[in-house]
Amino acid sequence: MEYIKAETVLPPELLREVQRYVDGRILYIPRAAGARRGWGEKTAARETLRARDEAIYRDYRQGLPADQLAEKYFLSRKSIERIVTRMRREKQDG
């Protein structure tokens, strides 16, 4: 999140009105509903995790047990099981 000075973007009359309510405090103004980004859209996080999950599923299909996958990918066994279950469903549905 980037901070900007209100006085550089708001007209003076609007700035005075905002100051009546939040004078000197930090105010978070959320994005408009139509302008919101989904998680991971700004960075490559979503693609990185997708690639990791694909690799986990591929290793699982090749016979690596969940305990070894957990160690290899630095995740809990439960996380590996969730990823495998989700990937299996996606592969069946898609």
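Counting Lys and Arg as +1 and Asp and Glu as -1 over every other residue whose Cβ lies under 13 Å from the Cβ of Leu14, the net charge comes to -1.
Residues in the chain average 86 Å² of solvent-accessible surface per residue, probe 1.4 Å, ligands and nucleic acids excluded.
The stretch between Ala45 and Arg31, if pulled fully straight at 0.36 nm per residue, gains 3.0 nm over its current Cα-Cα span.
Excluding same-chain neighbours fewer than eight residues apart, the lysines reachable from Lys78 by a Cα-Cα span under 22 Å are Lys91. Here the Karplus relation 6.51 cos²θ - 1.76 cosθ + 1.60, evaluated at θ = phi - 60°, turns the backbone of the stretch 10-17 into coupling constants of 9, x, x, 5, 6, 4, 4, 5 Hz, with x for every Gly and Pro.
When a 1.4 Å probe is rolled over the protein heavy atoms, the share of accessible surface on the chain that falls to carbon and sulfur comes to 53 percent.
A 1.4 Å probe, protein heavy atoms only, puts the accessible area of Tyr60 near 90 Å².
The GNM of the chain, with springs linking C-alpha atoms under 10 angstrom apart, assigns the highest mean-square fluctuation among Pro11, Pro65, Pro30 to Pro11.
The values are calculated or read from the model by the stated rules, or taken from the named source; none is laboratory data. All values reported here derive from a predicted model rather than from experimental measurement. For neighbour counting, all protein chains shown are included, and Cβ atoms are generated from backbone atoms with ideal geometry for every residue, glycine included. The accessibility values were calculated without ligands, DNA or RNA, using every heavy atom of the protein model including side chains. Shrake-Rupley method; radii C 1.70, N 1.55, O 1.52, S 1.80 Å.
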